[in-house]
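Presented below is the structure to which this report refers.
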Amino acid sequence: MAGESDESDHVAEHTSSGVNLLPTFLGVAVALLVCATVLIIGLAGRSTGGLKMPAGYNVVQVQEFTYGFRLPSTTLPAGNNLFVDHNTASIPHEFVIFKTNDPGDQLPLAPDQTVKEDSTALEDVVDSGTDIPPGDTRLMAADLAPGHYVLVCNLPGHYQGGMHVDITVK
Ligand SMILES: [Cu+2]
């Protein structure tokens with residue numbers, strides 16, 4: 001009696017494991033689909049190269065080239081801005097934003113014709129600090145008050161070459 005019962009259990013188990021291959025396959029397929037969906041949503045929502053940006057920041061994508069800047073808009077919202085600056089050029093550049101009343105093409109100059117960064121007419125609010133090598137991306141954040149700003153690259157000759165953009169924050 002007991003032996004017979006064991007055998008029928010064994011047969012039932014064996015049969016059921018064969019039948020269960022389909023649900024298992026479906027389970028794996030559903031799991032893969034969920035993973036793919038999460039990945040797609042993640043990629044679609046990304047701001048920059050898959051990096052997760054802090055909430056509450058206006059993300060500004062900037063591209064530098066020789067000699068200029070590309071940005072989606074020269075008007076930015078007051079408050080926290082996060083600049084994601086990519087140097088697309090084959091030479092180093094830098095990224096400096098001054099708050100100033102002076103127009104971007106009329107900033108005070110030092111004797112070497114670079115922008116006179118210590119001028120009282122200029123307030124340095126964002127500064128890459130060091131050169132940004134070709135191909136590199138630099139993240140810089142600033143809490144900007146409403147007003148007029150100028151974004152420049154102040155490597156020798158670059159400001160004069162045209163690397164300045166007037167920005168309005170409001
Ligand atoms: Cu430059």
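The values are calculated or read from the model by the stated rules, or taken from the named source; none is laboratory data. Please read all numbers here as calculations on a predicted model, not as lab measurements. Every residue, glycine as well, gets a Cβ built from its backbone with ideal geometry; the counts of neighbours run over all protein chains shown.
Which of the residues belonging to the stretch 82-104 are in contact with a strand residue (DSSP E or B) (Cβ under 7 Å, 6 or more places away or on another chain) and assigned to a loop (DSSP other than H, G, I, E, B)? Can you show your working first?
Kept after step one, since they are in contact with a strand residue (DSSP E or B) (Cβ under 7 Å, 6 or more places away or on another chain), are these residues of the stretch 82-104: 82-89, 92-101, 103-104.
Residues satisfying the conditions are T88, A89, P92, E94, F95, T100, N101, P103.
Can we say P54 is over 18 Å from D143 (Cα atoms), away from the ligand (no atom under 15 Å from the Cβ) and assigned to a loop (DSSP other than H, G, I, E, B)? Spell out how you get there, then give the answer.
On the way: over 18 Å from D143 (Cα atoms): no; away from the ligand (no atom under 15 Å from the Cβ): yes; assigned to a loop (DSSP other than H, G, I, E, B): yes.
Taking the combined requirement at face value, the residue does not satisfy it.
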Test of understanding: among P146, P156, which residue is within 22 Å of N58 (Cα to Cα), more than 19 Å from the chain's Cα centre (by Cα) and loosely packed, with under 13 Cβ neighbours inside 10 Å?
P146
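Out of the residues in the stretch 63-89 meeting the condition of being in contact (Cβ under 8 Å) with a residue 60 or more places away in the chain and among the aliphatic types (A, V, I, L, M), tell me which one is nearest to D143 (Cα to Cα).
Of all residues in the stretch 63-89, those in contact (Cβ under 8 Å) with a residue 60 or more places away in the chain come to 64, 66-69, 71, 74-81.
Next, from what is left, pick out any that are among the aliphatic types (A, V, I, L, M): 71, 76, 78.
Working: L71: 18, L76: 11, A78: 7 Å.
Top of the filtered list is A78.
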Output the qualifying pairs, or none if there are none: Cβ atoms under 8 angstrom, residues six or more apart or on different chains, first residue in the stretch 143-170 and in the same structural domain as G104 (by TED's automatic domain parsing) and farther than 23 Å from A55 by Cα, second residue away from the ligand (no atom under 16 Å from the Cβ) and modelled with pLDDT under 95.
none
Restricting attention to the stretch 115-138, which residues are farther than 19 Å from T74 by Cα, surrounded by fewer than 18 Cβ atoms within 10 Å (Cβ to Cβ) and out of contact with any Ser or Thr (no Cβ under 9 Å at 6 or more places or on another chain)?
K116, E117, D118, T120, G129, T130, D131, P133, D136
When only residues in the stretch 127-170 that are over 14 Å from V96 (Cα atoms) and polar (S, T, N, Q) count, which is farthest from the ligand (Cβ to nearest atom)?
T168
